[in-house]
Structures are given as structure tokens and as C-alpha cells.
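S.K.: Got a structure for you, written out below as C-alpha cells; questions coming shortly.
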Amino acid sequence: MDSSRRINLTIVVLWVIISFVGLIDSGYLSAVHFLGEVPTCTIASGCDKVALSPYATIGPIPVSLLGTLFYLAMLVIGVAWIDSRNNRLLKHLIWLTIPAFFFSIWLIYVMFFEIEAICEYCLLSAASTTVLMGLSVWFARSR
């Protein structure tokens, strides 16, 4: 295996790990929403305020479900690349991650300045999206 393939494998494995973390995080928030409960904060103290805000849903759809679908897609693409080594799978990731990144920035703004509460799960999701966006830029530039 040449060095560029080894680097790509390492980066894509990191991609899969970050996607999995995001999937678990947003999946938890989605499950809690559909169960009619409020997420329990262990570090911050504003998860309930954020989860019950009007910004937590778009119509009947929880924002966390959109994140769950995003992270699931990122995970599937990463695992598919590891299985096939088909670089076309990674080619368009930047077009998925950049809008997700900007949506995360907006949600962080809303959390801090509109709701005025901090949700640790939301911060973890924003961090995961930021890392995935950075990695997708790296994929795009490494061509």
C-alpha cells in the first residue's frame, strides 16, 4: 500500500469514528425527543432549555433527527470507502459537510444568543460536524 493510500485510510477511519460519535450523540437527542423526555446534562445545565425551545424542531421534525441522518450518511460513505477504496465516494463530501457546518454555526449562535443556554450534546455535534467539514476539505484538496 502506498503512502497516500495509508494516509487516506487513516483519515477515513478518523472520519468513521467522528461520524459514529455524531450519530450516537444526535441519535440520543432524537430518541429523547420522540420519547417525550428531556436530555440530561452532565456538564452544562441548559440542555432542557435548548431541547424545549422552538428552535429544537423544524415543523414536526427535531433538528437532532436531521443530524442523525447526516451522521448516518457520513458513516455509510466512510465505511463504503474503506470497503471499496473508491475515491469517488469521497469526492462530493464537501458539498454535504459545508452546509451542515454552517447550519451548526447558526445553531450554536441560537443556543448562545437567542436561547441563552448551553447544551453539551449540541456542542459535541457542532464539534463533530466541524471536524468532518475540515476532513472533507482535506479530501477535496488532496485530489
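S.K.: Restricting to segment 29-78, what's the tally of residues that are assigned to a helix (DSSP H, G or I) and small (Gly, Ala, Ser)? Show your work before the answer.
M.R.: First, the residues of segment 29-78 that are assigned to a helix (DSSP H, G or I): 29-34, 47-51, 54-56, 63-78.
Applying the additional criterion that residues be small (Gly, Ala, Ser) yields 30-31, 51, 56, 64, 67, 73, 78.
Final tally of qualifying residues: 8.
S.K.: Is there a residue in segment 42-53 that is touching an Asp or Glu at 6+ places or on another chain (Cβ under 6 Å) and either closer than 29 Å to Phe113 by Cβ or without any contact (Cβ under 8 Å) to a residue 60 or more places away in the chain (or both)?
M.R.: yes
S.K.: I've got another one for you. Quickly run through segment 99-128 and pick out the residues that are over 17 Å from Asp48 (Cβ atoms) and aromatic (Phe, Trp, Tyr).
M.R.: Phe101, Phe102, Phe103, Trp106, Tyr109, Phe113
S.K.: I'd like to verify a number: residues in segment 54-91 that are aliphatic (A, V, I, L, M) and within 30 Å of Phe112 (Cα to Cα), how many?
M.R.: The number of residues fulfilling the criteria is 11.
S.K.: Taking segment 117-143 as the search range and keeping residues that are without any contact (Cβ under 8 Å) to a residue 12 or more places away in the chain and farther than 20 Å from Val32 by Cβ, which one is surrounded by the fewest Cβ atoms within 10 Å (Cβ to Cβ)? Even if it seems obvious, please write down each step before you answer.
M.R.: Initially, segment 117-143 is screened for residues without any contact (Cβ under 8 Å) to a residue 12 or more places away in the chain, giving 127, 134, 141.
Retained after the next criterion (residues that are farther than 20 Å from Val32 by Cβ): 134, 141.
Details: Gly134: 13, Arg141: 8.
Only one residue tops the list, namely Arg141.
S.K.: In addition: Is one or more of the residues making up segment 86-94 over 30 Å from Val12 (Cα atoms), among the basic types (Lys, Arg) and assigned to a helix (DSSP H, G or I)?
M.R.: No, segment 86-94 contains no residue that is over 30 Å from Val12 (Cα atoms), among the basic types (Lys, Arg) and assigned to a helix (DSSP H, G or I).
Every read-out reported here was derived from the displayed coordinates using simple, explicitly stated rules and does not represent laboratory data. These numbers come from a predicted model, not from an experiment. Methodologically, a virtual Cβ is constructed for each residue, glycine included, from the backbone with ideal geometry; neighbour enumeration extends over all protein chains shown.
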